[in-house]
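Trainee: Got a structure for you, written out below as structure tokens; questions coming shortly.
Laboratory data are not the source of any read-out in this text; all were calculated from the coordinates shown. Because the structure is predicted, anything quoted here is derived from the model rather than measured. Using ideal geometry, Cβ is built from the backbone for each residue, glycine included, and neighbour counts are taken over all protein chains shown.
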Amino acid sequence: MNVFCPTDVIFAEKAIEPSHDKANKYIMYSDKKNILQLVALLIEHNIKKIVLCPGSRNSPIVHTIANHPFFSCYPVTDERSAAFFAIGLALHGGSPAAVCCTSGSALLNIHPAVSEAFYQQVPLVVISADRPDRTNGRANVSSTRCFRFAG
């Protein structure tokens, strides 16, 4: 099992280089270092198939992955369906697939597929963007804390 240390990812800043020419002026990439590191890791581990679920918290991740030429993206609105679809991609393609969703209960809706992938030993990567800890439990629309979802 590979262990990721953020200080080891020097190549992450070069993983995505936004184009500034007029033909590509509408392509959106995030300038957040953690998102660039995530993309670099997905590329490094050859995870090309990504199922994207819409949301506000994960929109910088979604826009960056959707506009990167390395990835094949599949938009699915329902998180539960998206996760099972990602399992199908992994089984059909023989390589890991990922599902990306927003925070809160959206992440919890992926859990049945995570359990299924675990017991079938299907490589599935779950990407989520939780709200900052300081805002959890502060009368938000969704106050589900997801930082301990996987462990």
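Trainee: Could you put Glu44, Glu79 in order, starting from the residue whose Cβ has the fewest other Cβ atoms within 10 Å?
Mentor: Lowest to highest Cβ neighbour count: Glu44, Glu79.
Trainee: Where does the charge balance sit around Ala66 when Lys and Arg score +1, Asp and Glu -1, over other residues with C-beta under 15 Å from its C-beta?
Mentor: +2
Trainee: Moving on. Report the net charge of residues surrounding His111, where surrounding means a beta-carbon distance below 10 angstrom and charges are Lys +1, Arg +1, Asp -1, Glu -1.
Mentor: -1
Trainee: Subtract the Cα-Cα distance of Thr77 and Ser115 from 0.36 nm times their separation in residues, and report this length gain in nm to one decimal.
Mentor: Between Thr77 and Ser115, full extension yields an extra 11.7 nm.
Trainee: Taking the Cβ of Cys53 as the center, what net charge do the other residues with Cβ under 13 Å away carry, scoring Lys and Arg +1 and Asp and Glu -1?
Mentor: Overall, the nearby charge balance is 0.
Trainee: If you don't mind, there's one more thing I want to ask. How do His92, His68 line up, fewest other C-beta atoms within 10 Å first?
Mentor: His92, His68
Trainee: If amide H atoms are built 1.01 Å from N in the plane of the peptide, which residues on other chains or at least 5 residues away come under 5 Å of the amide H of His45?
Mentor: none
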